[in-house]
Structures are given as structure tokens and as C-alpha cells.
Amino acid sequence: MEVDRETTRGLRRGQKTAFIAAGVTFLLAVAKGAIGHLFGSQILIADAFHSGADILAIFASGFGLWLASKKKSARFPYGLFKAETLVTLIVGIVILWAGWEILKGGYEKLFFLKEVQEFPFAPVSASLASIMAAFFIARKEQEIGEAIGSQSLLANAQESFLDIFTSVVVLIGILLAFFRIPYVEGIIIILISFLVVKLGVKNAWTALLALMDANLDPELQYEIEEKINELYGVKGKSEVKIRQSGPFKMVECKIQTSPTLALYRAHELAHKTENFIIKNYKNVESVFMHVEPSRKQVVSAIIPVKDMNGLGSKVHGHFGRAPYYIILKLTDGTPEIEDFYYNEFLHETKHIGIKVIKAVIKYKLDVLFTSRIGEISFYMLKENFVDIYRAEENSIVSDVIDKYLSKQIEKITAPTHPLEKSQSADG
């Protein structure tokens, strides 16, 4: 699936938000650094370094979204999405270095108490401005991140909300330092350094896992597997692998279906599964499908019958007009009755077969044995990947099963009577 026009607009909206946020954060970092230097506030200088680390993370997000909006090429057929991950790894390493430098400065200040003569109006004002800016940046990043499904923007929003707390701590530290409270300046600088190091580790580690194609979202993997297994036509347990590529996810999916299914029908099932994943899950850039014949030895079958006499029941001559239906499980060739279904639609005059199919479709049928079937019911069952075999009227269910297992039964490849004769019973 190529990145479509709407997705591209969303990516550009996200990169614009990221670059604006980076610009505002840069101005705040410069202001805090300058004011901290002029007024001798090491806490504010440390906070400026923290904002500088945020700038790198936000810029990496914007840069990745910018690359993601670019078209694929012959040289880069899978797109440039991983460039964001590579940049994030480099940024994480730089942030770690900055955190280490701040930590050393905090330790040096831990036992140093500086004389403050005047109330630090400028540092306090810078901290208040930083709190307000962090709040608005966080709200905007969260809003746009949720709108376009950008995990990097949502992660930056969380960091911006954390910046509010950091700026409040910085403000308190500046005020306590003014009142000559021992150790406070060094402790707060060390606290800020830990936050910076945490941000660096998070960026670097997540990027490293993504570059190594680690499964970063096992819950999503299990959810997609469960949902795919519920799709009609999918037999056996599906296998899903997910790898992160920049802001997008690449999904590899292996499904099993009936061994007798025609190639074009298997392709339809793969296309149906692919569309289901893309439609229901955000940030999926592409789905790689692999279809293989089911290895399971369990087949679910349905047979219209005249009476309820177990495997000795007699086959009815019409699919839609049968009074009863036997639901069977063939496990390693051994038949087992799973359920009996009473035809509650016999009193009706039209489309009885369709209504029966809708009622029994929950059994995820593989095979139907019937004497005759109408056009609408035939194609409805084929659409749901059900194979249809001919069973002679009044034949015994156990004999029909024996013929099927010994491959001596005829397959019905077309409706047994035309539409105008089948509309009343569809059988």
C-alpha cells in the first residue's frame, strides 16, 4: 500500500507541528540558558540543556515524518521510514552525553551554596514561561499525534507534559536557592540530569530495537491474529509478525485456507485479509500476505436431512427446504455430530436457503453435502469458501461421509437449478 494523499497530508501536518514545537522549544532553551548565565542560575542552565535534549527528540520526529511523506523510489522501494529510527538512535546517544555532562555539573554544585543578593525575577519569569509553553506544546502534539496516528508525536507529547513537572521543580529550586537552602541546587540539577538520561536511553533503546526488527507491540500482534482467525475462509491459526519502520508498521501475515480452494479464491481471501488489517489498524503502511493450505485435520460439514437419526439420518432432496441440518466435525476422518439445526424458516416463501446460511455460518463451515442447491445459495456459500459436494437424496449420512473420505464423491461446481426456480427456496 502506497502512502496515499490523505496520509501524506497528515504526515505533513505532523511534521509542521513537530518543527514549530522544536522552534518554540529552541527559543525557550536559548532564553533559559542566557538568563541562567547572566543571573548565575545553574538550575536554569541545566533546564536549558534539558530543553535542548527535547529539541533533538522533537526534531528527529519531524525529520522522520518529513521523510515518511516522500515517495518510494527504485533505490528505496520500501520508503525512507527507517531514517527516522536511525536519527532517533543518534539523537538518543547525544542526549545521553548531555545528561552525563549535566550530572557532573550537578555533583559539583551539590556542596556549593552561592550568595544571592536580589530576588531572581528573570529566572522565575523564565521558568513560568517554560511551564506555560510546555503545556501548550504538549496539548498540540497530543492533538495532532492522535489525529494522524503518529507514535513519535505522542511520545513527544508525553515528554512535554513531563517538562511541565520539570519546570515546576526548577522554579521551586530557584526559590529555595534564593533562601539559601543547602544542597537544593545540586540535587535539582542531578534530578534533571536523570530525566535527560532517561530520555536518551528511551530514544536509543527503542530505536535500536526497531532497527533490529524487534516486536515492539506484542499486544497488537495477538489482537490481529485473533481477528484474522475469525474471518470466514481462514482455517487454522494465523501467524502475524510486525516490525516498526519509522512512524509506520509493516505487517507480515501467514494464513491457512482449504487445500481445495482455487488459486484465484485464495488470492481473494488474501486481499480480503489485507484490507481488513489496513482498514482497522492505523499506521500500517503495508501488509505482506502468505496463503498456504491448511494442515489441520478437522473439517466442519453440514448436511440437510429429513430426520434426526444421527449418522443414520437420510439426506433431504432440497438444501433450503430441509427440515433439519446436521453439523459435523470430521477429525482425522472420524465423524462427530456437533449440532442439529432445525429449519425455522420453512413457513416462509422466499430466500429460505439464504436465511439458513446466515443462521449456520457461525460454525465456519468447510463443506456442504446436498442433493440440490439454488443459484443464490450456491454463490453465497462459495463466497464464504465452502466446498459443495453432491449427496443423493435418501442416502444415509454415514455413507455420504465414507464416500467423501474415500474421494468417491462428486463436487458440485454450479447451481443445480436456475435463479427463477430457486428464489422461493434457494435449495
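The values are calculated or read from the model by the stated rules, or taken from the named source; none is laboratory data. For clarity, every value in this text was computed on a predicted model and none was experimentally measured. Don't worry about glycine lacking a Cβ; one is built from the backbone with ideal geometry, like all the others, and counts go over all protein chains shown.
Among the residues of the stretch 255-265, those that are surrounded by fewer than 16 Cβ atoms within 10 Å (Cβ to Cβ) and in a loop (DSSP other than H, G, I, E, B) comprise PRO259, THR260, ALA262. Of the residues LEU209, LEU231, LEU153, LEU162, which single one is modelled with pLDDT under 80, closer than 30 Å to GLU252 by Cα and of a type in the set (A, V, I, L, M, F, W, C)? The conditions single out LEU153. Report yes if some residue within the stretch 52-62 is without any contact (Cβ under 8 Å) to a residue 40 or more places away in the chain and in a helix (DSSP H, G or I); otherwise report no. Within the stretch 52-62 (the criterion being without any contact (Cβ under 8 Å) to a residue 40 or more places away in the chain and in a helix (DSSP H, G or I)), the answer is yes, since at least one residue qualifies. Under the condition of being closer than 25 Å to LEU176 by Cα, of a type in the set (A, V, I, L, M, F, W, C) and in contact (Cβ under 8 Å) with a residue 60 or more places away in the chain, the residues counted in the stretch 20-42 number 5. Does at least one position in the stretch 40-63 carry a residue that is modelled with pLDDT of 75 or more and surrounded by fewer than 17 Cβ atoms within 10 Å (Cβ to Cβ)? Yes, some residue in the stretch 40-63 is modelled with pLDDT of 75 or more and surrounded by fewer than 17 Cβ atoms within 10 Å (Cβ to Cβ).
If only residues of the stretch 178-194 that are in contact (Cβ under 8 Å) with a residue 12 or more places away in the chain and surrounded by fewer than 21 Cβ atoms within 10 Å (Cβ to Cβ) are counted, the one that is nearest to VAL94 (Cα to Cα) is PHE194.
Quick grid of which residues meet (1) surrounded by fewer than 17 Cβ atoms within 10 Å (Cβ to Cβ); (2) assigned by TED's automatic domain parsing to the domain that holds LYS235; (3) modelled with pLDDT of 85 or more:
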residue: VAL315; (1), (2), (3): no, no, yes
residue: PHE319; (1), (2), (3): no, no, yes
residue: LYS362; (1), (2), (3): yes, no, no
residue: LEU368; (1), (2), (3): no, no, yes
residue: TYR379; (1), (2), (3): yes, no, yes
residue: ASP402; (1), (2), (3): yes, no, yes
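The condition of being touching a strand residue (DSSP E or B) at 6+ places or on another chain (Cβ under 8 Å) and either on the phi < 0 side of the Ramachandran plot or outside any strand (DSSP E or B) (or both) holds for only one of GLU268, GLU226, GLU274, that being GLU274. ILE396: in contact (Cβ under 8 Å) with a residue 40 or more places away in the chain, among the β-branched types (Val, Ile, Thr), outside the structural domain of GLY233 (by TED's automatic domain parsing) and closer than 24 Å to ALA266 by Cβ, yes or no? No, not satisfied. I want to confirm something. Restricting to the stretch 237-272 and keeping residues that are β-branched (Val, Ile, Thr) and over 12 Å from the mean Cα position of the chain (by Cα), which single residue is modelled with the highest pLDDT? By that ranking, first place goes to ILE255.
Residue by residue through the stretch 381-403, note down the ones that are assigned to a helix (DSSP H, G or I) and in contact with a Gly (Cβ under 8 Å, 6 or more places away or on another chain). Within the stretch 381-403, VAL397, SER398 qualify.
Scanning the stretch 273-282 for residues that are surrounded by 17 or more Cβ atoms within 10 Å (Cβ to Cβ) and at pLDDT below 90 yields one hit, TYR281.
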